[in-house]
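Q: Pasting a structure here, questions to come.
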Amino acid sequence: MSTLSMRAPGIQTTVLDTRSLHVRGVTTIEGVRRNLFGCTDREENRRFVERELARQLDLDSQRWGFDFATETPLPGAQRFAWQLVPAASIPAALRRSPIKITPKPAVPKQEPKVSSPENSKTQKRITDFLKPRKRLASSGKKSPAHKHKHECGGAHIRPPKVARLAQAFKRAS
Amino acid sequence: MFEARLLRSSILKKVLEAIKDLLTQATFDCDDNGIQLQAMDNSHVSLVSLTLRADGFDKYRCDRNISMGMNLGSMSKILKCAGDKDTVTMKAQDNADTVTFVFESPNQEKVSDYEMKLMNLDLEHLGIPETEYSCTIRMPSAEFARICRDLSQFGESMVISCTKEGVKFSASGDIGSANVKLAQTASIDKEEEAVVIEMDEPVTLTFACQYLNYFTKATSLSPQVQLSMSADVPLVVEYRIPDIGHIRYYLAPKIEEDDS
């Protein structure tokens, strides 16, 4: 029993000498894999990941002026003013689930900062003042005019949309 | 059959110049009374309302009400092919999906026709309520264009403030501030050059300069412009087109938002 024979499907039979296995530090053979890049130090990897995550968190904190670990705004003058909003006012898609609402009295209520006085005014839309109404004809291409009697079959009697508009404009002018 | 003929194509050319920067497409609604166009700009901040009365045309025939959706860029290209003194005729069949523009030179030696495809536009119409305005200001249209152009260098917004002393246009921004005050003209020698203010209540409103500058593209249509304002409603900028109709622009104000 001086040689060990391993057979894997599709792979050439490899013959290993137990002596050479001993030399490589393999004493008990449970499974054998090729080790191309040396042994990994799992502890070192974990520390690396933790260090990177902490660095990233710190960068984000500086960038947004917000401590994401404690969920409080950073003290001092920051680019952004943070405000606590109720979870109900946020679209469901953006909420973490399940929602845990923990009141944070530490968060100061601040008004959003305004860079220039112009921005304090909001541009309204014309539809905020004038009510939309659907155009009457769906095709938009033709609309029988009831003024032309020779055209008027019963089915054709529909209010001409433009005439109504014209009346509105006459009144307005 | 729809047919409308204008002796001077310049009116239609100027109308297109006045709307084509603000609107990309619009529906021309034609009936016995004339041609109407109503459309909002893409951002829905302003509204254009154009009326060309049938009696202002040299020939006008509209057998059936017809709504023609047009790409205003294309229409403008076609109208640029007409000479200022050419006669222009717009024609469309009742169920047509095209409209034809015919240009005739004054001596009838050159006749050109351009056919344009129509679009099926499903645009929203807005009801424009009858409104009594607190202030109406009539002033030379060129003066208004100048003020809008000048003040837009200072900021994005312009404040129009109308009191019994007169009307004040102001803007402020990074480089500083600008104020233009106009007093009512004392003696009206030439009606076209007069500044006339009718005021029930003083009004101060803020508007985006960008849109006002679009509106002043209509300056060549009329020597006078009329501004109508009431608190917290859209401004109306009206240019009367002599003998045929008017173009009105409605502009939503910028309003202080309560964050409560």
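Q: For the range B:23-53, which residues satisfy the criterion of being without any contact (Cβ under 8 Å) to a residue 24 or more places away in the chain and either at the interface with chain A (Cβ under 7 Å from one of its Cβ atoms) or within 20 Å of B:Leu221 (Cα to Cα) (or both)?
A: First pass over the range B:23-53, keeping only residues without any contact (Cβ under 8 Å) to a residue 24 or more places away in the chain: B:33, B:36-37, B:42-44.
Within the range B:23-53, B:Asn33, B:Gln36, B:Leu37, B:His44 meet the criteria.
Q: So which residues in the range B:127-147 are farther than 15 Å from B:Cys162 by Cα and under 17 Å from the mean Cα position of the chain (by Cα)?
A: Selection gives B:Ile128, B:Pro140, B:Ser141, B:Ala142, B:Glu143, B:Ala145, B:Arg146.
Q: Follow-up question, since we're still on this one. Working carefully through the options B:Gly73, B:Gly34, B:Gly56, find the one that is of a type in the set (Gly, Ala, Ser), within 20 Å of the chain's Cα centre (by Cα) and within 30 Å of B:Cys209 (Cβ to Cβ). Quick ask: steps written out before the conclusion?
A: On the way: B:Gly34 fails: within 30 Å of B:Cys209 (Cβ to Cβ); B:Gly56 fails: within 30 Å of B:Cys209 (Cβ to Cβ).
The conditions single out B:Gly73.
Q: Taking the residues in the range B:146-159 that are away from chain A (no Cβ under 14 Å) and within 23 Å of B:Ala231 (Cα to Cα) as candidates, determine which candidate is surrounded by the most Cβ atoms within 10 Å (Cβ to Cβ). Talk me through it step by step, then tell me what you get.
A: Initially, the range B:146-159 is screened for residues away from chain A (no Cβ under 14 Å), giving B:146-150, B:153.
Filter once more, keeping what is within 23 Å of B:Ala231 (Cα to Cα): B:147-148.
Values: B:Ile147: 21, B:Cys148: 24.
Ranking the candidates gives B:Cys148 first.
Q: Restricted to the range B:61-87, and to residues that are of a type in the set (D, E, K, R) and more than 11 Å from every other protein chain (Cβ to nearest Cβ), which residue is farthest from B:Ser10 (Cα to Cα)?
A: Of the range B:61-87, the ones of a type in the set (D, E, K, R) are B:61, B:63-64, B:77, B:80, B:84-86.
With more than 11 Å from every other protein chain (Cβ to nearest Cβ) added as a condition, the list becomes B:61, B:77, B:80, B:84-86.
On the way: B:Arg61: 21, B:Lys77: 14, B:Lys80: 10, B:Asp84: 5, B:Lys85: 7, B:Asp86: 8 Å.
Applying the filter and picking the extreme gives B:Arg61.
Q: Quick check on the range B:100-118. Is at least one of its residues buried (at least 16 other Cβ atoms within 10 Å of the Cβ), within 23 Å of the chain's Cα centre (by Cα) and at pLDDT below 90?
A: Checked against the condition, which is being buried (at least 16 other Cβ atoms within 10 Å of the Cβ), within 23 Å of the chain's Cα centre (by Cα) and at pLDDT below 90, the range B:100-118 yields no hits at all.
Q: Let me ask something additional. Quick check: anything in the range A:40-60 of a type in the set (Ser, Thr, Tyr) and at pLDDT 85 or above?
A: Start the filter on the range A:40-60 by keeping residues that are of a type in the set (Ser, Thr, Tyr), which leaves A:40.
Now drop any that are not at pLDDT 85 or above, which leaves none.
No - not one qualifying residue is present in the range A:40-60.
Q: Looking at the range B:223-233, which of the residues that are buried (at least 20 other Cβ atoms within 10 Å of the Cβ) and modelled with pLDDT of 95 or more is farthest from the chain's Cα centre (by Cα)?
A: Start the filter on the range B:223-233 by keeping residues that are buried (at least 20 other Cβ atoms within 10 Å of the Cβ), which leaves B:224-229, B:233.
Subset that is modelled with pLDDT of 95 or more: B:224-229.
Details: B:Gln224: 12, B:Val225: 10, B:Gln226: 11, B:Leu227: 12, B:Ser228: 14, B:Met229: 17 Å.
Among residues in the range B:223-233 that are buried (at least 20 other Cβ atoms within 10 Å of the Cβ) and modelled with pLDDT of 95 or more, the one farthest from the chain's Cα centre (by Cα) is B:Met229.
Q: Could you please find all residues in the range A:81-135 being assigned to a loop (DSSP other than H, G, I, E, B), at pLDDT 75 or above and more than 7 Å from chain B (Cβ to nearest Cβ)? Spell out how you get there, then give the answer.
A: The first filter runs over the range A:81-135 and keeps only residues assigned to a loop (DSSP other than H, G, I, E, B), leaving A:81-86, A:90-91, A:95-116, A:124-125, A:129-131, A:134-135.
Of the ones still in play, those that are also at pLDDT 75 or above are A:81-86, A:90-91, A:124-125, A:129-131.
A:Ala81, A:Trp82, A:Gln83, A:Leu84, A:Val85, A:Pro86, A:Ile90, A:Pro91 - these are the residues of the range A:81-135 that are assigned to a loop (DSSP other than H, G, I, E, B), at pLDDT 75 or above and more than 7 Å from chain B (Cβ to nearest Cβ).
Q: Determine whether the range B:99-106 contains at least one residue that is assigned to a strand (DSSP E or B), in contact (Cβ under 8 Å) with a residue 60 or more places away in the chain, aromatic (Phe, Trp, Tyr) and more than 14 Å from chain A (Cβ to nearest Cβ).
A: Yes, some residue in the range B:99-106 is assigned to a strand (DSSP E or B), in contact (Cβ under 8 Å) with a residue 60 or more places away in the chain, aromatic (Phe, Trp, Tyr) and more than 14 Å from chain A (Cβ to nearest Cβ).
Q: Sticking with this one: From (1) of a type in the set (Phe, Trp, Tyr); (2) away from chain A (no Cβ under 14 Å); (3) assigned to a loop (DSSP other than H, G, I, E, B), pick out the condition that doesn't hold for B:Tyr133.
A: Result: B:Tyr133 passes all but (2).
Q: Assess whether B:Leu212 counts as being under 30 Å from B:Asp58 (Cα atoms), crowded, with 20+ Cβ neighbours inside 10 Å and touching a residue at least 60 places away in the same chain (Cβ under 8 Å). Steps first, please.
A: On the way: under 30 Å from B:Asp58 (Cα atoms): no; crowded, with 20+ Cβ neighbours inside 10 Å: yes; touching a residue at least 60 places away in the same chain (Cβ under 8 Å): yes.
Spelling it out, it is not the case that B:Leu212 is under 30 Å from B:Asp58 (Cα atoms), crowded, with 20+ Cβ neighbours inside 10 Å and touching a residue at least 60 places away in the same chain (Cβ under 8 Å).
Q: Hey, another quick one. Among the residues of the range B:58-70, is any surrounded by 15 or more Cβ atoms within 10 Å (Cβ to Cβ), of a type in the set (A, V, I, L, M, F, W, C) and not in a strand (DSSP E or B)?
A: No, the range B:58-70 contains no residue that is surrounded by 15 or more Cβ atoms within 10 Å (Cβ to Cβ), of a type in the set (A, V, I, L, M, F, W, C) and not in a strand (DSSP E or B).
Q: Among the residues of the range B:88-98, write down those that are of a type in the set (A, V, I, L, M, F, W, C) and either away from chain A (no Cβ under 14 Å) or on the phi > 0 side of the Ramachandran plot (or both).
A: Of the residues in the range B:88-98, the ones of a type in the set (A, V, I, L, M, F, W, C) are B:88, B:90, B:92, B:96.
Passing the criteria: B:Val88, B:Met90.
The values are calculated or read from the model by the stated rules, or taken from the named source; none is laboratory data. A quick note: this is a predicted structure, and the numbers were derived from the prediction, not measured. Heads up, the Cβs are rebuilt from the backbone with ideal geometry, glycines too, and the neighbour counts pull from every protein chain shown.
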